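For reference, the structure is listed below as structure tokens.
The values are calculated or read from the model by the stated rules, or taken from the named source; none is laboratory data. Remember, it's a predicted structure, so these values are computed and weren't measured experimentally. Reconstructed Cβ throughout: ideal geometry from the backbone, glycine too, with neighbour counts over all protein chains shown.
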């Protein structure tokens with residue numbers, strides 16, 4: 001393989017020959033690599049070079065996907081890596097401006113790993129978003145921004161690029177959840193006027209986005225144009241703009257409004273804003289299709305972008321003391337800009353975000369992505385307090401690993417936990433699973449309305465369900481048969497943040513277990529249950545969660561997720577619905593739980609809102625699981641079904657799943 005074709009996706013892949021080939025210089029006799037920056041989605045390194053003869057740059061910057069698998073999967077699935085690589089491949093040559101680092105190499109693999117080799121702006125230094133830009137730095141920044149924007153305004157080939165046209169994953173429902181977490185963390189630090197402005201913005205967010213997408217003047221948008229993503233050369237005054245992972249196509253003044261609102265101190269912006277907008281307009285050299293007054297109107301309309309990103313970014317990155325100070329500073333500046341420009345007047349009327357519902361064609365298998373951890377799973381459960389039995393079935397496919405997981409549990413207070421578990425199945429061509437111990441099939445009889453599960457085979461009867469968390473459970477073989485149908489009993493609910501939906505159901509059919517006692521357990525089932533379907537990158541070892549379903553005597557159904565990602569605020573997802581109340585998204589789903597020494601749950605209290613309600617959970621049956629990653633990380637899932645009771649006395653039944661990951665096994 002020639003060095004031109006040599007694949008570099010990590011620092012260990014770099015060779016002197018590859019560097020020489022990409023730089024067109026050398027030979028290179030020695031190089032050293034040092035990590036720079038603190039990016040979470042990517043790893044950046046300075047490569048210092050020594051030449052045997054000839055000449056070339058003394059150093060270059062190597063940027064690759066994050067070494068953390070969870071961050072890498074997120075960056076790939078959100079298209080961040082593709083955007084930056086394609087920017088340097090397709091757009092940077094068109095712009096051809098020194099404010100964009102020269103790119104020696106840009107490549108991306110089907111699994112999302114990428115490599116950029118860029119010129120090193122070694123004589124330049126970063127600025128501080130907390131302190132804010134000086135007037136001279138601000139003028140240099142907006143002038144460089146205009147030079148980048150100028151060739152792209154009205155450029156049909158750039159506008160039509162698919163990779164620039166991805167829909168934002170942020171909609172009003174998700175934004176409301178992030179904003180609630182933002183207020184929970186920072187509420188006491190927020191100026192009341194800024195809080196009122198943000199409340200109004202969030203309440204009309206979907207309408208605002210739709211209006212912005214329909215504006216006549218659209219162009220290239222960096223997406224995070226602030227001081228932290230710029231390098232300034234104090235001697236020449238030049239600016240290098242970095243981090244193009246959020247580049248998109250959108251309202252043309254968005255970057256300018258964002259910079260004025262986040263990186264320019266309010267006193268400087270109020271005194272010199274006219275000069276800064278004039279500098280940007282002049283540097284466009286007539287490319288803006290209007291006068292400077294129309295540009296100011298665009299800045300006014302797009303000033304909320306800084307409010308949006310201050311909220312969203314603060315909730316999606318690791319919390320630090322400096323980060324808290326920076327986000328509070330930027331939020332205050334962005335709100336002040338919007339208030340100074342009376343931008344509230346451009347907001348649409350508040351509209352309550354409608355819950356998303358699944359589509360019928362999403363019941364089928366999906367085309368897998370390239371990521372190692374891309375997974376698709378179908379889940380079904382039931383719980384019957386009167387008969388003292390509950391159960392669940394899950395089929396999980398990891399096609400890029402060539403494996404399938406099948407888990408089925410039957411449990412209750414008076415019987416051992418019956419487990420049918422196999423983590424080493426081949427991916428089936430259809431919905432039928434055959435192994436040496438069981439045969440199983442699932443059928444979507446009527447999409448979004450009816451599904452059927454059949455299972456016949458051999459499981460084990462585990463007397464102490466905590467043994468299932470040990471990784472080596474044992475028990476006597478038992479014959480297991482399930483023939484159950486899940487019929488929709490409510491409204492399906494589609495997650496906003498990830499491809500997944502939940503459906504409350506009525507479950508009817510038969511369950512038979514032979515070999516536990518003198519007589520077979522044979523039950524007719526007619527009870528409440530749940531099913532769900534998810535697909536996408538699934539890293540069970542990178543975060544914790546509490547997943548809940550509930551079905552109550554008043555006919556209402558509950559589903560919630562308390563998502564616990566390290567170094568981020570807890571995130572709530574879910575719904576409550578009943579025959580006399582439309583499906584309502586939860587803003588709060590919090591769990592307070594305790595576990596016995598054996599890892600099984602002892603007590604759980606839930607808090608949901610709306611409506612503001614407390615729910616106690618009494619476990620009656622345990623069906624726990626243990627998942628081990630290829631690198632040895634372990635997640636324990638002490639799943640249980642049981643009795644639910646609200647603070648108003650309404651009783652119900654449901655399942656709760658806790659993911660308790662342990663990185664070191």
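Quick notes on this one:
- Residue 314 being buried (at least 19 other Cβ atoms within 10 Å of the Cβ) and touching a residue at least 60 places away in the same chain (Cβ under 8 Å): yes
- Yes/no for residue 660 being in contact with a helix residue (DSSP H, G or I) (Cβ under 8 Å, 6 or more places away or on another chain), in a strand (DSSP E or B) and either more than 19 Å from residue 541 (Cα to Cα) or touching a residue at least 40 places away in the same chain (Cβ under 8 Å) (or both): no
- Checking 628, 604 one by one, the residue that is touching a strand residue (DSSP E or B) at 6+ places or on another chain (Cβ under 9 Å), surrounded by fewer than 20 Cβ atoms within 10 Å (Cβ to Cβ) and in contact (Cβ under 8 Å) with a residue 12 or more places away in the chain is 628 and no other.
- Given (1) surrounded by fewer than 14 Cβ atoms within 10 Å (Cβ to Cβ); (2) under 22 Å from residue 342 (Cα atoms); (3) touching a residue at least 60 places away in the same chain (Cβ under 8 Å), number of the condition residue 184 does not satisfy: (2)
- Scanning segment 525-543 for residues that are modelled with pLDDT under 90, under 26 Å from residue 112 (Cα atoms), out of contact with any strand residue (DSSP E or B) (no Cβ under 8 Å at 6 or more places or on another chain) and crowded, with 19+ Cβ neighbours inside 10 Å turns up at least one hit.
- The one condition from (1) out of contact with any helix residue (DSSP H, G or I) (no Cβ under 6 Å at 6 or more places or on another chain); (2) at pLDDT 95 or above; (3) surrounded by fewer than 17 Cβ atoms within 10 Å (Cβ to Cβ) that residue 272 does not meet is (1).
- Counting the residues of segment 634-661 that are more than 21 Å from the chain's Cα centre (by Cα) and more than 22 Å from residue 530 (Cβ to Cβ) gives 4.
- Qualifying residue in segment 562-571 (condition: in contact with a strand residue (DSSP E or B) (Cβ under 8 Å, 6 or more places away or on another chain) and modelled with pLDDT of 95 or more): no
- Residue 431 surrounded by fewer than 16 Cβ atoms within 10 Å (Cβ to Cβ) and out of contact with any strand residue (DSSP E or B) (no Cβ under 6 Å at 6 or more places or on another chain): no
- Looking only at segment 148-173, and only at residues there that are in contact with a strand residue (DSSP E or B) (Cβ under 9 Å, 6 or more places away or on another chain) and assigned to a helix (DSSP H, G or I), the one that is nearest to residue 331 (Cα to Cα): 173
- Among the residues listed as 107, 99, 67, the single one being assigned to a strand (DSSP E or B) and in contact with a strand residue (DSSP E or B) (Cβ under 7 Å, 6 or more places away or on another chain): 107
A quick yes/no check of all residues on (1) surrounded by fewer than 22 Cβ atoms within 10 Å (Cβ to Cβ); (2) assigned by TED's automatic domain parsing to the domain that holds residue 471; (3) touching a strand residue (DSSP E or B) at 6+ places or on another chain (Cβ under 9 Å); (4) modelled with pLDDT under 95:
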residue: 381; (1), (2), (3), (4): no, yes, yes, no
residue: 400; (1), (2), (3), (4): yes, yes, yes, yes
residue: 437; (1), (2), (3), (4): yes, yes, yes, no
residue: 441; (1), (2), (3), (4): yes, yes, yes, no
residue: 445; (1), (2), (3), (4): yes, yes, yes, no
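- Considered as a group, the residues in segment 286-311 that are in contact with a helix residue (DSSP H, G or I) (Cβ under 8 Å, 6 or more places away or on another chain) and over 30 Å from residue 328 (Cβ atoms) include one that is surrounded by the fewest Cβ atoms within 10 Å (Cβ to Cβ), and that residue is 292.
- Among the numbered conditions (1) assigned to a strand (DSSP E or B); (2) within 22 Å of residue 394 (Cα to Cα); (3) over 27 Å from the mean Cα position of the chain (by Cα), the only one that residue 617 does not meet is (2).
- Just one residue in the set 654, 599 is within 19 Å of residue 559 (Cβ to Cβ) and either part of a strand (DSSP E or B) or touching a residue at least 60 places away in the same chain (Cβ under 8 Å) (or both); that residue is 654.
- Residues of segment 587-600 satisfying the condition of being closer than 30 Å to residue 414 by Cβ and crowded, with 21+ Cβ neighbours inside 10 Å: 591
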